[in-house]
Every structure is written in structure tokens, then in C-alpha cells.
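Novice: Quick one: the structure is below, questions incoming.
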Amino acid sequence: MILNHFKSNLLSSIRLTFLSVRFKHSYVLGLRREDQSPWERRTPLAPQHVRKLVKDNVKVLIQASNRRAYPTAVSGAIVQEDLSEASLILGVKQPPVDLIIPNKVYTFFSHTHKAQEANMSLLDACIEKNITLIDYERIVDDDGVRLVAFGKYAGVVGMINILHAMGLRFLALGHHTPFMHIGPAHNYRNNEQARMSIRDAGYEISLGLMPKSIGPLTIVFTGSGNVSQGAQEVFRELPFEYVEADALKHVAVSGDIRKIYGCIIKRKDHLVNKETGKYDADEFVKYPERYTSIFKTNIAPFASVIINGIYWEQSQPKLLRIADAKVLLAPSANSQAWLPTENGCPVLPHRLLSICDITADKGGSIEFVTQTTTIDHPFLLYDPHTQTAKESFNGPGVLICSIDNMPTQLPLEATEYFGSLLFPLIPTMLQIDATKEFQLQNIPRVIKDAVLTANGHLTPKYSYITQLREQRRIKQQLASTKKRVLILGSGFVSAPAVECLTRDNNISVTLVSSVKLEADRLADLYPNTTPVMLDIMRSSEEVEKLIKDHDIVV
């Protein structure tokens, strides 16, 4: 509440500064159509925001789009294709490179500040075309908290989607549950309709209609920001009880199946100094490399569902790695032997059933989330033993939902929420001139720090992107010279071969075996060795794919 009040005051003060007198000049703002995804129905500003701008003597140009959830025609705005008259052009997602108009101020989610490879051509185009690029994601307050974000609705939609997925996953594992009555978020006209379905499911859960052989369900929320808060709003429509991290193990075993347990994981719950075993907030911010995460041992083994909403940097420890998933999803990880079971009423193969990675950060805080999913293909079943993911609810593994544009599944509410945060900053953005020297313009810190490119260069704050790109180029160059060897089997003959091959750092070994313990033992002993658990005789398609991906097969 205090933080939200502070953010509201900050944004209001910025707006008052620039709107205390109505604009003396006629500024022109353009709203481009979204063309990155057929599902993208959001827009940066809702009709009421556009009407206020027009009233303040801002000329607003809108590109027509029947895909928008809001109607294009807004009182006072001009609907036209050509946005070249606008000095400021707003969008949600990245525009196609060939449609970027030179010498303009553009504002959108660029996904470039971590030197994301897929968007480097976009960044280069912004530099080449003299674009002043403002990234919504980098608009933060003095504490680094984002001021303009869809985060809350990413959490809301992510929670609806994963509850829907749980119904289908449980069914594939042999259980009908109340979650079957929850649909994907875009099936609902609005947030409230979705919550009604979830409340209905919650009522059935409270009556004891969950299968007893499933046992207590626990949902872990990483972080406490907007994403987590949005997800928890939906979670609280169920019969719920919050527990602290140190009580998670107890309720996972002895909890009541008539309720769902929630646990909010903060940094102090899973980060420890590698030497002292303690957590110091100031030290972690300054020296994150000194820390490791105990999430894999103290939290994840007792989680049925993980809702991941943390912001993660390369220097920080990961929550879960591939090796951790192998342990968590091994049959021995099923510690529910005390539960009643009989033919037709099975226990779960392992506790961790699904992960909703709302961050959609490939290979980020959850290492094995290596690809985003989409609204039309929202779920993947990841098997760490084969390191493969497939579109299925049936089979071994953990169900993953990692859609990178979740809020567009509730586009009306998401747009209104986002626009209300962005609107107070529009006057500041309109006064930026892409043709003038950026550093000499009087731009408030909150906007200036969000500008990635200006005057044909990266701004000083983001010059590090050049180094990140060079580091990746060198890494890829080295990887291209590395030979990949596939060894089928992990018996007595394999061990000497692995030992000999891994003496050369330019050789990586993939060890395929149906004997997990032996393959893992060799992988632990020798560097650059990746174990893959696979029955060669029964998995011809997977073996063929592995053979194609390697230079030599032994």
C-alpha cells in the first residue's frame, strides 16, 4: 500500500509539472497497430486516456486495427495509416524493423537491455534510424521498482492459466478434479468472470471433492512484486491458507485437502552466502555472485505448483537448474507413500506438477525453461531425464507455462491498468526531440534512465550491451569449434571413453543410458558431460534426433 501510494504520488507530480499549464504547442502522438502476434489485442492507452490528451491539445493519430479489444475510433483522435507527423510513437510490442520511421521517439517493450539475441537487429535499426528508444521495462523509481508495467495482469492471467492446466494434468494422471471447470484466461470476457469459475472450483475443493490419493496441494509464489500480487489475488478465490517457508514441508505432508496452501518465497528464504550460510540484503545487491540458492532443497521438493515472477540477472543464482529437475522429478521424489491408493486411484508420480514461469526468461532463473510458450500452444511437458519438451499432459515430467504476452488474454482490463500508469508520463515523452542532442535536453531521471538509444548510439547507461554482444559472439565462436560426441550406454566401456574424451575442453559428451545412477555418476565425475536418460530400444525418434545433433556417435 505504501509503495503504491509512493508510485502514485511520483507519477502525479510528474504529470502536474508538465500539465500545470495546458500545452502551448500542438504535440503529435501516434498509436501504432500491434502486429507481432495474432493474439495481441492490447494498446498502450485506453480511450479515456486518449480523450484526455486531445482535451490537452495533443493531436493523436491512431492506426486502424480490428484486432484491438478497444474500438479504434476515439472522440477527437484521427484514424490514419501515416504516423510520420507524430514525434512520439507508442506501441506495446516491438515494431517490424522496416516499419520504423527515422528520427522519432518510440516507446515499447524492446526486450533488448540484456542483449537478447533475437532483438539485436531491432536495436541496430533504432541506432541506424536515429530513434530515441524508451523501454517501458526500464522506467523505474529510485528503488528500481517498475512504474509502468502489465505485471499485475501477467500474474492474474498466469494463475488462471495454470489452474486450468492443473485440471488437464490431473486428468491425464488419472484424476478428475474441480480444476477441470476452469478455462484458459482468454475464454472469459473479463477477470471477474474467470474468478467466478475459480470460486466455484474452490467451493467443491472445500467440500472435500479432491481425490484423497493426490494429497495436500501447495502453491509457491516467488517474489512479492506486481506479478506475484496479481497471481495471489486469483489464488485467494480458492479456499486457501498461507504458510511460511519453514512450514511448507509440514503442510505438504499433513495438510488439509479441503484447502490449497500458498507460500510466498522472499530472497531471505532461499538465498545464502556460500561461506557463511546466511543472507544479507545489502551484500546480495552488491555481490550477488557470493550467494547460492537453496530453493532446490528447501522449497521446491514441497511445491505442487511454482509461480515464478522474480526479476533475475545473469549474476544472480538460479532458482532451479536442469540437474535439480532430475532430482525433483525422479520417481523416488514421490514421498506420498502414506496416502490411500488402490487400482484406479493412483498417487502422483512426484510432487512438483507444474511451473508457471511468468517471467518468460529463457534459460533464466529456471534453467530448463528454454523456450516460451504461446497462447495457442500454452503448455509443454518437460522431461529432465531426456531433456525434451512436448505438447502433452500425459507422461513423465513437469508441465510448463511460459507465455510472454499473458496480459493480452484479458486485453481490456490490462490496457486500462497499463494506460493509467503510463498516462502521467506522456507529457514528458512528448517534449523529447529525437533530432536534438539527447544529453542536453531537460528530461527527468525516471524517463532518461529508460532511454536505450539516442542520436544514433546506445546511451551511456546501456553501453554495456555492446560488451554483452561481443562476449556472446566469442562464446558462440568457441562453441562452433567444439565437437559433440554422443555415447550410447554407460557401462564399463563408456567410463574410460568419457574420461579420455573430456580431457579436451573442445569436446562435449552426451551420455545416453537407461541406468540413471550410472549416467549421473559419470556426469558428476567428468566435465562437459551431459547425461540423458533414455531407453534406446524404445525411443528411436529421440535417438535419431540426438544423432543428428552430434558430430560423432560411439
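Every read-out reported here was derived from the displayed coordinates using simple, explicitly stated rules and does not represent laboratory data. Predicted model, so just to flag it, every value in this text is computed and none were measured. Cβ coordinates were reconstructed from backbone atoms using ideal geometry, including for glycine residues, and neighbour counts include every protein chain displayed.
Novice: With an 8 Å cut-off on Cα pairs and a minimum separation of 6 or more residues, tell me the relative contact order of region 307-406 in percent.
Specialist: 30 percent
Novice: Among M159, M180, which comes first, second and so on when ranked by fewest other beta-carbon atoms within 10 Å?
Specialist: Final ranking by Cβ density, sparse to dense: M180, M159.
Novice: Past the 18 Å Cα-Cα mark, which pairs from K266/K318; K129/K436; K93/K461; K152/K448; K362/K390?
Specialist: K93/K461; K152/K448
Novice: At 0.36 nm per residue, and after removing the present C-alpha to C-alpha distance, how many nm does the segment from Q116 to N130 gain when stretched out fully?
Specialist: 3.0 nm
Novice: Take the alpha carbon atoms of region 188-255, find their center, do the same for region 347-363, and report the distance between the two centers in whole angstrom.
Specialist: 15 Å
Novice: Could I ask something else about it? Work out which helices of the chain, taken as complete DSSP H runs, extend at least 30 Å along their axis over the Cα atoms and score a mean Kyte-Doolittle of 0.0 or more, then list them.
Specialist: 151-172
Novice: Calculate, for D524 and A330, the FRET efficiency according to 1/(1 + (r/R0)^6) with r their C-beta to C-beta distance and R0 22 Å; round to the nearest 0.05.
Specialist: Calculated value: 0.90.
Novice: Which whole-number percent is the relative contact order of the chain (Cα, under 8 Å, 6+ apart)?
Specialist: Rounded, it is 15 percent for the chain.
Novice: Would you please classify the overall shape of region 482-553 from the alpha carbon gyration tensor, given that a ≥ b ≥ c denote the square roots of the eigenvalues, rounded means a/c under 1.5, and beyond that prolate means a/b larger than b/c while oblate covers the rest?
Specialist: Oblate, since a/c reaches 1.5 and b/c is not below a/b.
Novice: Run the simple label-point estimate for V554 and M180 please: 7 Å along Cα→C-beta, distance reported in nm.
Specialist: Distance between the two pseudo-spin positions: 5.1 nm.
Novice: For the residue pair A247 and D141, what label-to-label distance in nm results when each label sits 7 Å from Cα along the Cα-to-beta-carbon direction?
Specialist: 2.9 nm
Novice: Here's a follow-up. Taking the alpha-carbon centroid of each part, what is the distance from region 457-498 to region 66-103 in angstrom?
Specialist: Each part's Cα centre sits 40 Å from the other's.
Novice: How many Å³ per residue does the convex hull of the Cα positions in the chain occupy?
Specialist: Taking the convex hull of the Cα positions in the chain, it is 169 Å³ per residue.
Novice: Give the relative contact order (percent, whole number) for region 204-270; include only Cα pairs under 8 Å separated by 6+ residues.
Specialist: 51 percent
Novice: Take D504, project a point 7 Å from its Cα along the Cβ direction, then tell me which residues of region 440-482 have their backbone nitrogen under 11 Å from it.
Specialist: 482
Novice: Taking the Cβ-Cβ separation of I547 and Q371 as r and a Förster radius of 22 Å, what is the calculated FRET efficiency to the nearest 0.05?
Specialist: 0.50
Novice: Now for a different question. Starting from the Cα of S254, step 7 Å along the direction of its Cβ; do the same at S540; then give the gap between the two resulting points in nm.
Specialist: 5.3 nm
Novice: Right, something else. Quick one: length gained pulling L171 to L478 fully straight, 0.36 nm per residue minus the C-alpha distance?
Specialist: Result: 105.9 nm gained on full extension.
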